[in-house]
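Have a look at the structure below before the remarks.
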């Protein structure tokens with residue numbers, strides 16, 4: 001009788017451990033998927049920010065006043 005109870009408890013414990021391992025495996029897989037997605041989003045965002053910065057710099061350069069060499073005064077670019 002004690003041996004049967006011990007065997008059943010061992011079997012139940014092994015089943016619980018297997019369930020925990022499977023849950024952990026799934027959680028790790030989900031974490032990896034989310035990490036990959038986040039990396040892709042951050043890469044795209046960084047590219048967009050860099051592109052935006054270049055566009056702003058070009059706009060500023062094209063719209064910034066320049067100094068007239070003769071008068072040493074600022075004049076609007078045309």
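Some observations on this one:
- Overall dimensions of the chain by Cα: Rg and Dmax, Å: 32.9, 109
- Per residue of the chain, the DSSP helices (runs of n ≥ 4 H) give a summed -39500 (n - 2.57) that works out to -30000 deg cm²/dmol at 222 nm.
- Tilt relative to the chain, helix 2-63 - C-alpha long axis, 0 to 90 degrees, to 10: 0 degrees
All of the numbers you see were taken from the coordinates with simple rules; none came from a lab. Note that this is a predicted model, so its numbers are computed, not measured.
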